[in-house]
Amino acid sequence: QELRLQGTPSTALSWMIGWTGIVTQSSGRSGFGFARGDLASNEQLTILLPLTPGLAGPIARANVSLVDEPNRQQVMQANVESERRTFAVFGSFDYRLAEQWTVRAEGRATRQFLEVVGSMVPSRRFTDTTPRFSVQYTPAGNSLLHVSAAKGSRAGGVNATTGLATNEQSYEPEY
């Protein structure tokens, strides 16, 4: 849903403010299967350590996903449902400097709530602000020259794959 209010108090000034909100739900399953190959049921994969190739390294995490036939068998890694609630306020302010020159300042503040069900990943909240400034010049005729500077972002999120370290379970917004 979106709501906008706008006004033009004079020929040189106009403004707009708004609010938007959206709720999205998704679900996903992921599984892995690694071929057991020639390993007996009591044998496990280990990690190869480059500095000591003759010695067995620690037990590999892939062992939990060993199956006889990966094309038919998969070991469930994640079965999660998520809900993302996004709310934002935004606005713009236009000022006509002269007949052919207009400056504009815009901004958007977004807050997202992300809840994951079926995972050990805690709910997260992400906030970001993205401004933009622009100048427009309209010479005679049907021409328009426009210069803009803006800050963009990509929303933060979570990675619900099991077995991840705490610092790998979520990521912040990118600017």
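The values are calculated or read from the model by the stated rules, or taken from the named source; none is laboratory data. Computed from a prediction, not measured in an experiment: that's the story for all the values here. Every residue, glycine among them, receives a Cβ derived from its backbone with ideal geometry; neighbour counts consider all protein chains shown. These accessible areas exclude ligands, DNA and RNA; they are computed on the full protein's heavy atoms, side chains included. Shrake-Rupley method; radii C 1.70, N 1.55, O 1.52, S 1.80 Å.
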- request: Sticking with the crude label model, points 7 Å out along Cα→Cβ, report the distance from Thr127 to Val67 in nm, one decimal please.
  value: 4.4 nm
query: R0 = 35 Å: FRET efficiency of Val89 with Ala140, Cβ-based, nearest 0.05?
result: 0.40
GNM top mover of Gly37, Gly107, Gly28 - the chain, alpha-carbon springs below 10 Å: Gly37
task: Quantify, in whole percent, the carbon and sulfur part of the accessible surface of the chain (1.4 Å probe; protein heavy atoms only).
output: 54 percent
- prompt: Sorting Tyr175, Tyr95 by accessible area (1.4 Å probe), largest first, what list results?
  reply: Tyr175, Tyr95
- prompt: Rank Arg29, Arg125 by accessible area, highest first, at a 1.4 Å probe radius?
  reply: Arg29, Arg125
Solvent accessible area, Å² - Val116, 1.4 Å probe, full protein context: 20 Å²
message: I'd like the FRET efficiency for Arg4 and Gln100, computed as 1/(1 + (r/R0)^6) with the beta carbon distance as r and R0 of 30 Å, rounded to 0.05.
response: 0.65
- prompt: Hey, in the GNM for the chain with a 10 angstrom Cα cutoff, which one of Leu114, Leu48, Leu97 fluctuates hardest?
  reply: Leu48
query: Given a 1.4 Å probe and the protein chains all in place, what does the accessible area of Thr130 round to, in Å² to the nearest 10?
result: 30 Å²
